[in-house]
1. Can you send over the solvent-accessible area of residue 296, 1.4 Å probe, protein chains only, in Å² to the nearest 10?
2. Starting from one equal scatterer on each C-alpha and no solvent at all, send me the Debye-based log10 I(q)/I(0) for region 104-161 at q = 0.13, 0.21, 0.30 Å⁻¹, two decimals.
3. Mind jotting down the three principal axis lengths of region 253-352 based on Cα atoms? Whole angstrom, largest first.
4. Protein chains only, probe 1.4 Å: how do 101, 139 rank by accessible area, largest first?
5. Show me, for region 314-321, the HN-Hα J-couplings you get by feeding each phi into the Karplus relation (A = 6.51, B = -1.76, C = 1.60, θ = phi - 60°), rounded to Hz, glycine and proline as x.
6. When a/c reaches 1.5 or more, the comparison of a/b and b/c decides; with that in mind, is region 318-367 rounded, prolate or oblate per its Cα gyration tensor?
7. Please arrange 353, 105 by accessible surface area, largest first, computed with a 1.4 Å probe and ligands excluded.
8. Could you state how much accessible area residue 137 has, in square angstrom rounded to the nearest 10, with a 1.4 Å probe and all protein chains kept in place?
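The values are calculated or read from the model by the stated rules, or taken from the named source; none is laboratory data. Every value quoted in this text rests on a predicted model; they were computed, and no experiment measured them. Here the Cβ positions follow ideal geometry from the backbone for every residue, glycine too, while neighbour counts run over all protein chains shown. Side chains are part of the model used for accessible areas, which takes the heavy atoms of the whole protein and leaves out ligands, DNA and RNA. Shrake-Rupley method; radii C 1.70, N 1.55, O 1.52, S 1.80 Å.
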Amino acid sequence: MSLPAGPASPSPFQLMRWLGRPTEYLEATRGRFGDAFTMRIGVFPPLVLLSDPQAIQQLFSAESGTFDAGASNQALKPTLGSNSLLLLDGERHQQQRKLLMPPFHGERMRSYGELIRQLTSQVIAGLQPGSPFLIRSTMQRISLSVILQAVFGLEGGARLRQLRRILSNMLDTMSAPLLMGLLLLLPDDLGPWSPRGQLNRSLEQIDALLYAEIRERRQRPDPAANDILSLLLAARDERGEPMSDVELRDELMTLLVAGHETTATSLVWALYWIHYLPEVYQRLRAELDGLGTDFDPEAVARLPYLNAVCSETLRIYPVALITSPRVVRKPVRILGHEYTTGERLTAAIYLTHHRSDIYPESDRFRPERFLERTFSPYEYLPFGGGNRRCIGMAFALYEMKLVLATFLSQLEMHLVHPRPLLPVRRGVTLAPPDGLYLMPGTRRVCGRVPASV
Ligand code: HEM
């Protein structure tokens, strides 16, 4: 059976629209072809986008071995390495997931609560009332510190500072749509001025730092440490073998890249919405007011309206437009359509989140929808799903809630230029346009504005 219909325009043209105006391209294409259509972009094989929850359910719950996803992420290999969770499939993928999941859940995850709050408070302490700050760079600073400390347990030092600098420069460069296009067109290293050449130089520097850290940590293991590198160093496979240096490097890099920019972008959106819509701000303030500044992270994580604000933030403009493409390994039928080996399908997160039958007035930011009803994992999927669902989901939500609660309980702020915003592409993600500033006002004391104000 042929693939579902899709635009007939030349693939470079579709690539330009997908890179330059992704949400417009998706909406217009769904308007013409419906809930399953085939996109053809650049040099990539055709990709079927699904936005019907029933189809997504079939995609996410197919029996094991029906789909691979690592196979479709090979473009990430030069950056993340061939042992990255994102590139693995089959049994090895399942094993690595089991190993990497625990620190991002339950007790271990909660042990980072205090750290997140402290790092956020330190950043807030450096903000000056009346001096506007760029929301993105501030959120990036927090999320990079959180992920570096959670992953390495590093609290300071020259190596951490170098890693922070090179990693954020590299991720910033990779986020430019123009560079992404050039990387797709010129994938080879043609020297220091070529896009791949620049990326490779940063990667060499990062690798040197990561390998030095791995070497030192092997020499002085700390059984009490709860960071992810310590955990991976202690892990053994079924043959009793430890992970090699290259395997460790690839997983560390994956966590740093997958966990940093995504969370920072979600926080920028959340702060924008909270300060753009007075009714959202007022309701959130009322919920947070009872907690004071010295709140219990667990209490914050349970707040219903804060949860709804984070959920709606990730619904309206999900950071990932689509999930990792699934490559068919065994013929499979989805909503009556037969797909054969080698064909590629993905859940269109953005389009599913903008179905008017599930989300009336889907372009309106309305957290209340998450208080009024529960959505299935096939209707609401900012973290993807099935056996590839994001391993950092609980951690990212926990971090979002704690960072927002810490900001709102300590500082009055307002947007410098409140205006409606449309999302733009940042690398493979969807993000607010650059240049969004918040103006810090009065510091709050114990969750209240001081009496003098
Ligand atoms: C708001 C923040 C985040 C968002 C929106 C997000 C979103 C996603 C999405 C959509 C996927 C693909 C799922 C699929 O194909 O079905 C994914 C995969 C992944 N994410 Fe996240 N993510 C976030 C934060 C994090 C964090 C904090 C970490 C870890 C530190 C992380 C690590 C990963 C990894 C390792 C995968 C690959 C999973 C696999 O292939 O088995 N992410 N994420």
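1. 80
2. Listed by q, the Debye log ratios stand at -0.39, -0.88, -1.29.
3. Taking max minus min along each principal axis of the Cα atoms, region 253-352 gives 57, 33, 23 Å.
4. Descending order: 101, 139.
5. The phi angles translate into 7, 7, 5, 10, x, 4, 9, 6 Hz.
6. Details: a/c = 5.45, a/b = 2.21, b/c = 2.47.
It is oblate, given that a/c is not under 1.5 and a/b is not larger than b/c.
7. Details: 353 0, 105 70 Å².
Final ranking, largest accessible area leading: 105, 353.
8. 50
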